[in-house]
Amino acid sequence: MNKMGLEEYKGVYVYAQQVDNQLEKIAFELLGKANDLAADLDTDVTAVLVGSDVKGLADELAAYGADKVIVVDDPELKEYRTEPYTHALASVINEYKPEIMLVGATAIGRDLGPRVSARVATGLTADCTVLEIGDFPLVAIPGREQKHNQLLMTRPAFGGNTIATIACPDNRPQMATVRPGVMQAMEKDDSKKAEVIEFNPGFTPNNKYVEIMKVVKSVVDAVDIMDAKILVSGGRGVGEDGFATLKELAEVLGGEVSCSRAVVDNGWQPRDIQVGQTGKTVRPNVYFAIGISGAIQHVAGMEESDIIVAINKDETAPIFDVADYGIVGDWKKIVPGLIDQLKAVEK
């Protein structure tokens, strides 16, 4: 890319993920963050909507903070497939030249983001937890140009043991994927309207287009833990049989059960209720961490909870460093007592 052309790139763009013509929550979360970044850059926010027969979703994107919506609508885009969607988003970037392009780190976004960045010859920072506008290098280095108004992308590195802040000073757009649940959506405002731009780069199926033979939807009864206001989370210390007791506590509280990675690795609970760096990021009002030591990878997924209550027999467990309330003791004695007390209050 010609460095002289960087100033042509303007605006903060968000890939607005939809499945079955329904927008996913990650689209609204990214629009919330995009509005913060755009305010710092004195620019506007554009949502890129890719699919078939999806124009009707533009108003919802406007209500959550999109100033413009670029719609790429084509029958070839009915279901998510890597090649046509990559072609769609890369073509939008080449045509409209965004300064920043945000994509959700969903199953779709993790497939789409890297391919698009490669195709438009720019960098991509994956799984960002913080995005802000600032100077790069962060501290001026003699003899090296310090660039301003750069997207500073922060993410855990080396298994969460360190935090890296990454920039992409010489190429555009600056691209990042962001995990669901990390950024916060704005309040919905139905009075807001967006400028809708229709764009179709043309889709000719080639040997990179996979053919979808059949879509089989798995039926999951579980509630999405990212929506729960109260989470009762168990770790290795609870053991496989202990989750029956945690479910009872969750029911009394009107909450849901979640778990740590060790629990999933042992096959005790399904992956869709795992909290942490390789699981989901949650922000409940109350988070009970029971038998969870508090490794940095787990804490990364729940530290934004309003109130954290930790129960662990090891008084040196790192979970107590982030907990608002800590109980040192055997959960097998504490949790049944807590359930009895709560039931007594209910009566």
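The values are calculated or read from the model by the stated rules, or taken from the named source; none is laboratory data. The model shown is predicted, which means the values in this text are computed figures rather than measured ones. Cβ: placed from backbone, ideal geometry, glycine included. Neighbour counts: every protein chain shown.
Tabulated results
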read-out: In segment 89-115, the residues that are in contact (Cβ under 8 Å) with a residue 40 or more places away in the chain, surrounded by fewer than 19 Cβ atoms within 10 Å (Cβ to Cβ) and part of a helix (DSSP H, G or I); value: 95, 96, 110
read-out: Matching residues, segment 307-344, being charged (D, E, K, R) and either assigned to a helix (DSSP H, G or I) or outside the structural domain of residue 288 (by TED's automatic domain parsing) (or both); value: 321, 332, 333, 340, 343
read-out: Criterion violated by residue 255 - all others in (1) under 18 Å from residue 300 (Cα atoms); (2) buried (at least 19 other Cβ atoms within 10 Å of the Cβ) satisfied; value: (1)
read-out: Pairs where the first residue, in segment 297-314, is more than 9 Å from residue 287 (Cβ to Cβ) and the second is among the polar types (S, T, N, Q) and not in a loop (DSSP other than H, G, I, E, B), C-beta under 9 Å, 6+ apart; value: 298/233; 301/274
read-out: Residue 85 under 28 Å from residue 281 (Cα atoms), in contact (Cβ under 8 Å) with a residue 24 or more places away in the chain, among the aromatic types (Phe, Trp, Tyr) and assigned to a strand (DSSP E or B); value: no
read-out: Residue within segment 200-211 that is in contact (Cβ under 8 Å) with a residue 40 or more places away in the chain and surrounded by 21 or more Cβ atoms within 10 Å (Cβ to Cβ) present; value: no
read-out: Flag for residue 167 being in contact with a strand residue (DSSP E or B) (Cβ under 9 Å, 6 or more places away or on another chain), surrounded by fewer than 17 Cβ atoms within 10 Å (Cβ to Cβ) and more than 18 Å from residue 93 (Cα to Cα); value: no
read-out: Scan of segment 59-82 for residues that are touching a Pro at 6+ places or on another chain (Cβ under 7 Å) and of a type in the set (D, E, K, R), ordered by number; value: 76
read-out: Some residue of segment 193-206 being within 30 Å of residue 336 (Cβ to Cβ), of a type in the set (S, T, N, Q) and either outside the structural domain of residue 68 (by TED's automatic domain parsing) or at pLDDT 90 or above (or both); value: no
read-out: Of the criteria (1) assigned to a loop (DSSP other than H, G, I, E, B); (2) out of contact with any strand residue (DSSP E or B) (no Cβ under 8 Å at 6 or more places or on another chain), which one residue 282 fails; value: (2)
read-out: Of the criteria (1) over 11 Å from residue 234 (Cα atoms); (2) modelled with pLDDT of 95 or more; (3) of a type in the set (Gly, Ala, Ser), which one residue 279 fails; value: (2)
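To keep it simple, each residue is scored yes or no on (1) of a type in the set (A, V, I, L, M); (2) modelled with pLDDT of 95 or more.
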| site | (1), (2) |
| --- | --- |
| 21 | no, no |
| 33 | no, yes |
| 42 | no, no |
| 52 | no, yes |
| 55 | no, no |
| 62 | yes, yes |
| 67 | no, yes |
